[in-house]
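Below is one structure, written out as structure tokens, with a few remarks after it.
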Amino acid sequence: MRSKPRSGCPHSLQQPQSGNAPVSIGTLVRVALISIAAFALTACGADAPKQVASAGSLHSLPGITPPHLTVTHAASGVAPGFVFVAEKGGKNKPSGPVIADNRGRIVWYHEVPHGLEATDFRTQTYRGKPVLTWWQGTISNAGVGRGEYVVYDDTYQELKRLNAGNGLEGDLHEFTLTPRGTAFIIAYHEVPADLRSVGGPKNGFVYDSVVQELDVATGDVKFEWHSLDHVPLKESLQANREPAKNATKQRPLDYFHVNSVGDAPGGNILISARNTSALYLLARDGHVIWRLGGTRSDFGPPAEVKFRFQHDARLHADGTLSLFDNGAIPKLEPFTRPLVLKIDETERVAAIQKTFVHPQKISAPYEGNLQLLSTGGAFVGWGGVRKVTEFSPGGQVRFEFNLPYGDTYRGYRLPWTGRPGGRPAVTVVGDRVYASWNGKTGVAFWEVLSGPDAGHLSKIAGHDWAGLETAIQLETPPPAVAVRALDRRGRQLGVSETVTS
């Protein structure tokens, strides 16, 4: 019998912005972080407008330290939209959702409170309108999150903040909205368990992987599924290994590790479990309809369904299934394979239809995702390797950038139109003007207006939009100054208030 969950929670105009113990999993993750070489930061081209990129150097947006994104493969023939990542900085570096363009210039940045991290940042649809969504909270060394789920509208105002139901704490791995006005989330709950069947103690502890579907408006739990009720411990690849042998409440056996949840055809639900290396199709009454991969796969042939420690499994209406095949920690495959499978649920056979393998044969130790694009290509977030890549339908790299530290759990290319309220921001330091409008899409050019006072301003300078903040050099310090944002056609989008020196 499951123990009762704990209650409560802890803790010429340029183009505009365009998207055109021995060893536990937690220990291995920390080792992998240390061993992954940081990618060199390089310039994005001598002809590019210079973005103020130094951490903490933003004058018109004080209090935030956005990451510097380094484009390593210039965009060519990419899908429309912006790039969405959530920089994870750990306990000591800034973290937060980022929207960037094809040159790595940041359009919007939202820094989460110190000590928290953000994951799974993207745009989704709620009540027929586009919204921004992400998870934020704390992350343990074992990769388990405790936090909440956030929904913003297109003016960057908070619409909803959700918590897991029934006294559980929301995990970082999934926040997917559905057309029904609900959201799929995940929780990990440590419970006492007899682990002798997997080489552990009689009085051990295990993580029960919990899937919930919440009503976004009310927070009510509409569906709840527990791995321990449906999947035996023996399916775990962690069986007869640490921490199974000495699992405690402080270090439970993470035998299942659910890491993605989503709608599937027929009203069913598809989930991915990292530590069984298997996917499970669930009926609404909770029973497992079929398994794909792992030790008890209902599909064959074995070579086609052999993946390890995967993430982000999605069933599509055309009968394909996409997933991010990590193959690492422990490393059982030579490199990571973002995969598209064609599955026949009647005959129970699967075949690899397409792979998006990086030319460098990247091995992503943890996290990651595969987003299939309308162009036939794909956008890949490499999880523990701090980079995102767009591929052509044929598997060629079309675009790529690196993050400066930490990683992004997932990465996406998505359309977005941001309409922040208020006006552009301006700051003057000596003979330099700093202009910004955090989240405003479509800005292509900044004009500097100056004069003896606010009632007598005229244009004295201009500069192409250069990212989150644009620095504009003047000949002499201005007595009074404002900035005006223009789109690519020269139309005014907004004017800042006037500041005096």
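The values are calculated or read from the model by the stated rules, or taken from the named source; none is laboratory data. These numbers come from a predicted model, not from an experiment. Every residue, glycine among them, receives a Cβ derived from its backbone with ideal geometry; neighbour counts consider all protein chains shown. When the accessible area is computed, the model is the full protein with side chains, heavy atoms only, and any ligands, DNA or RNA have been set aside. Shrake-Rupley method; radii C 1.70, N 1.55, O 1.52, S 1.80 Å.
For the stretch 74-93, the set of residues classified as aliphatic (A, V, I, L, M) and over 26 Å from Asn141 (Cβ atoms) consists of Ala74, Ala75, Val78, Ala79, Val83, listed by residue number.
For the stretch 204-224, taking the residues that are among the small types (Gly, Ala, Ser) and outside any strand (DSSP E or B), the one that is nearest to Arg274 (Cα to Cα) is identified as Gly219. Against the conditions (1) at pLDDT 95 or above; (2) open to solvent by less than 20 Å² (accessible area, probe 1.4 Å); (3) out of contact with any His (no Cβ under 7 Å at 6 or more places or on another chain), Leu233 satisfies every one except (2). Could you look through the stretch 247-268, keep only residues that are over 21 Å from Pro330 (Cβ atoms) and part of a loop (DSSP other than H, G, I, E, B), and pick out the one that is nearest to the chain's Cα centre (by Cα)? Out of the qualifying residues, it is Gln250. Among the residues of the stretch 89-116, those that are farther than 21 Å from Ala435 by Cα, open to solvent by 20 Å² or more (accessible area, probe 1.4 Å) and out of contact with any Phe, Trp or Tyr (no Cβ under 7 Å at 6 or more places or on another chain) comprise Gly90, Lys91, Asn92, Pro94, Pro113, His114, Gly115, Leu116.
Scanning the stretch 264-297 for residues that are open to solvent by 30 Å² or more (accessible area, probe 1.4 Å) and within 19 Å of Gln353 (Cβ to Cβ) turns up Pro265, Ser297.
Taken over the stretch 348-373, the criterion of being among the polar types (S, T, N, Q) and touching a strand residue (DSSP E or B) at 6+ places or on another chain (Cβ under 9 Å) is satisfied by Gln353, Thr355, Asn369, Gln371.
Residue by residue, here is whether (1) out of contact with any helix residue (DSSP H, G or I) (no Cβ under 9 Å at 6 or more places or on another chain); (2) among the β-branched types (Val, Ile, Thr); (3) open to solvent by less than 20 Å² (accessible area, probe 1.4 Å); (4) not in a loop (DSSP other than H, G, I, E, B) holds:
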| position | (1), (2), (3), (4) |
| --- | --- |
| Arg314 | yes, no, no, yes |
| Ala317 | no, no, no, no |
| Leu323 | yes, no, yes, yes |
| Pro330 | no, no, no, no |
| Pro334 | yes, no, no, no |
| Val340 | yes, yes, yes, yes |
| Thr346 | yes, yes, no, no |
| Ala350 | no, no, yes, yes |
| Gln353 | yes, no, no, yes |
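This table checks each residue for (1) open to solvent by 10 Å² or more (accessible area, probe 1.4 Å); (2) part of a strand (DSSP E or B); (3) among the charged types (D, E, K, R); (4) touching a strand residue (DSSP E or B) at 6+ places or on another chain (Cβ under 7 Å).
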residue	(1), (2), (3), (4)
Arg122	yes, yes, yes, yes
Leu132	no, yes, no, yes
Asn141	yes, no, no, no
Gly147	yes, yes, no, yes
Val150	no, yes, no, yes
Thr155	yes, no, no, no
Leu159	yes, yes, no, yes
Asn166	yes, no, no, yes
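Reported count of residues in the stretch 486-501, each being under 18 Å from Leu58 (Cα atoms) and assigned to a strand (DSSP E or B), is 1.
In the stretch 187-220, what count of residues is obtained for those that are of a type in the set (S, T, N, Q) and either open to solvent by 10 Å² or more (accessible area, probe 1.4 Å) or in contact with a Pro (Cβ under 9 Å, 6 or more places away or on another chain) (or both)? Adding up the residues that qualify gives 3. Filtering the stretch 457-480 to residues that are surrounded by fewer than 19 Cβ atoms within 10 Å (Cβ to Cβ), touching a strand residue (DSSP E or B) at 6+ places or on another chain (Cβ under 8 Å) and not in a strand (DSSP E or B) leaves Leu474, Pro477, Pro479. Answer yes or no as to whether Gly383 is modelled with pLDDT under 95 and out of contact with any helix residue (DSSP H, G or I) (no Cβ under 9 Å at 6 or more places or on another chain). Against the criterion (modelled with pLDDT under 95 and out of contact with any helix residue (DSSP H, G or I) (no Cβ under 9 Å at 6 or more places or on another chain)), Gly383 does not qualify.
Table: residues versus (1) under 19 Å from Phe223 (Cα atoms); (2) in contact with a Pro (Cβ under 9 Å, 6 or more places away or on another chain).
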residue: Asn259; (1), (2): yes, no
residue: Ala278; (1), (2): no, no
residue: Leu281; (1), (2): yes, no
residue: Val288; (1), (2): yes, no
residue: Arg291; (1), (2): no, no
residue: Thr295; (1), (2): no, no
residue: Phe299; (1), (2): no, no
residue: Leu315; (1), (2): no, yes
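Of the residues making up the stretch 319-348, those that are more than 25 Å from the chain's Cα centre (by Cα) and charged (D, E, K, R) number 5. Search the stretch 269-298 for residues being in contact with a Gly (Cβ under 9 Å, 6 or more places away or on another chain) and assigned to a loop (DSSP other than H, G, I, E, B), and hand back the single one that is nearest to Lys234 (Cα to Cα). Step by step, filter the stretch 269-298, then rank; the result is Ser277.
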